[in-house]
Amino acid sequence: MKAVVLGAAAGGGFPQWNSHAPACLRARRGDPAARPRTQAGLAVSRDGEHWFLLNAAPDLRQQIENTPVLHPRTGLRSSPIAGVVLCGADVDAIAGLLTLRERQAFVIYATAEVLRVLDLNPIFEVLARDVVERRAVPLERPLPLTTPTGENSGLTLELFPVPGKLPLYLESADRPPPIVLGEGTVGAAIREGTRCLYFIPGCAEMTPALASRLRGAELVFFDGTLWRDDEMIRADLGNKTGKRMGHMSLSGPDGTLAAFAPLGVQRKILIHINNSNPVLLDDSPERAQAEAAGWEVAWDGMEVTL
Ligand code: MLT
Ligand code: MN
């Protein structure tokens, strides 16, 4: 199985269009230690012919152009993209679907709850239903990823619940949404035989069930949104904590580094990294600390073979 990181940053990207903060300035000025990153997404394939996207970020058009294996190879109209798996309905996970609206057949794989959000937003009808199938995936039931013509790709998909919250645009103004475990925020396990890749771009908390699922895993891409829960407040970039946004942070006793320390995961890669997170910077002490704990920081174009 091959995987290519299409985008490694969280919503907003790095640099974020309206950010004049020091790290974004470094990225915008071409500082090699502050490499720009688009919003989070991964492409996976068994055979190098048929590719499945994990999340469809608003940057998807640019990501496809930057990734030669995703370019058309035959005829006047074609695409190696056979399907798109959605791990939630946040803008940064679904807006890229609108880029794929040229009557090209592919399958959308998502939970019934995430598909309901698409169904309720008529703009997604640009993905003509006679061409683009919306396939509901029940939780914790592995199913084959197929091409639009029904051929087996050799990969299976399992979606499983992780703690998360409603998409920002569905929140009601009066109170913060609860962190829940259900069909709204999910992780994806992509398997080829016994090999397994996990993609978990958003997770509010490490639960015992998630810890036991990930114990000893070969490869995990995991939520790297924030370093500290209150880093956006401290940097005067916003008034929300990571917890409020549905993301656990990397540092601290309940943080991701501590939570993964006893799990024996063979390869751990941070993805969905916010532009406020110093781990993005190659020369930061936080980067050194994450690497010392065995983590890699994803970058756009990073390739991984399983
Ligand atoms: C998140 O990951 O917290 C969301 O993508 C935030 C957003 O909708 O911008
Ligand atoms: Mn996000």
Item to complete: Considering only residues that are assigned to a helix (DSSP H, G or I) and touching a residue at least 40 places away in the same chain (Cβ under 8 Å), look in segment 273-288 and name the one that is farthest from VAL5 (Cα to Cα).
Response: GLU286
Worksheet item: Can you find a residue in segment 108-120 that is within 28 Å of GLY224 (Cα to Cα), basic (Lys, Arg) and either touching a Phe, Trp or Tyr at 6+ places or on another chain (Cβ under 9 Å) or within 16 Å of ligand 1 (Cβ to nearest atom) (or both)?
Response: no
Item to complete: Sort through GLU102, GLU113 and tell me the only one that's open to solvent by 40 Å² or more (accessible area, probe 1.4 Å) and in a helix (DSSP H, G or I).
Response: GLU113
Discussion item. Among the numbered criteria (1) surrounded by fewer than 22 Cβ atoms within 10 Å (Cβ to Cβ); (2) in a strand (DSSP E or B), which one does LEU270 miss?
Written reply: (1)
Worksheet item: Here is a list of conditions, (1) touching a residue at least 40 places away in the same chain (Cβ under 8 Å); (2) farther than 27 Å from ARG26 by Cα; (3) surrounded by fewer than 19 Cβ atoms within 10 Å (Cβ to Cβ), and ALA261 meets all of them except one; can you say which number that is?
Response: (1)
Worksheet item: How about segment 189-228: which of its residues are closer than 19 Å to LEU280 by Cα and open to solvent by 50 Å² or more (accessible area, probe 1.4 Å)?
Response: ARG228
Worksheet item: Somewhere in segment 167-190, is a residue more than 15 Å from ligand 1 (Cβ to nearest atom) and under 17 Å from ASP92 (Cβ atoms)?
Response: yes
Practice prompt. Pick out the one residue from GLU171, GLU183 that is buried (at least 17 other Cβ atoms within 10 Å of the Cβ), more than 21 Å from ALA43 (Cβ to Cβ) and acidic (Asp, Glu).
Written response: GLU183
Fill in: Filter result for the condition that a residue is within 16 Å of ligand 2 (Cβ to nearest atom) and in contact with an Asp or Glu (Cβ under 6 Å, 6 or more places away or on another chain), over GLY246, GLY184, GLY224
GLY184
Worksheet entry | Flag if ILE108 is crowded, with 16+ Cβ neighbours inside 10 Å and either away from ligand 2 (no atom under 16 Å from the Cβ) or part of a loop (DSSP other than H, G, I, E, B) (or both) | yes
Discussion item. Quick check on my filter: what residues within segment 256-278 are under 16 Å from PRO201 (Cα atoms) and either more than 16 Å from ligand 1 (Cβ to nearest atom) or not β-branched (Val, Ile, Thr) (or both)?
Written reply: LEU257, ALA259, PHE260, ARG267, LYS268, ILE269, LEU270, HIS272, ASN274, ASN275, ASN277
Item to complete: Being more than 17 Å from ALA8 (Cα to Cα) and either of a type in the set (Ser, Thr, Tyr) or in contact with a Leu (Cβ under 6 Å, 6 or more places away or on another chain) (or both) is the filter here, so list the residues in segment 286-304 that pass it.
Response: ALA293
Discussion item. Restricting to segment 222-238, name every residue that is within 14 Å of ligand 1 (Cβ to nearest atom) and either in a loop (DSSP other than H, G, I, E, B) or closer than 22 Å to LEU210 by Cα (or both).
Written reply: PHE222, ASP223, GLY224, THR225, LEU226, ASP229, LEU237, GLY238
Worksheet item: Is it the case that segment 289-302 has a residue that's assigned to a strand (DSSP E or B), in contact (Cβ under 8 Å) with a residue 40 or more places away in the chain and under 14 Å from ALA40 (Cα atoms)?
Response: yes
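The values are calculated or read from the model by the stated rules, or taken from the named source; none is laboratory data. Everything quoted here is computed from the prediction, not taken from an experiment. Positions of Cβ are backbone-derived with ideal geometry, glycine not excepted, and every protein chain shown enters the neighbour counts. Protein only, heavy atoms only, side chains kept; ligands, DNA and RNA dropped before computing areas. Shrake-Rupley method; radii C 1.70, N 1.55, O 1.52, S 1.80 Å.
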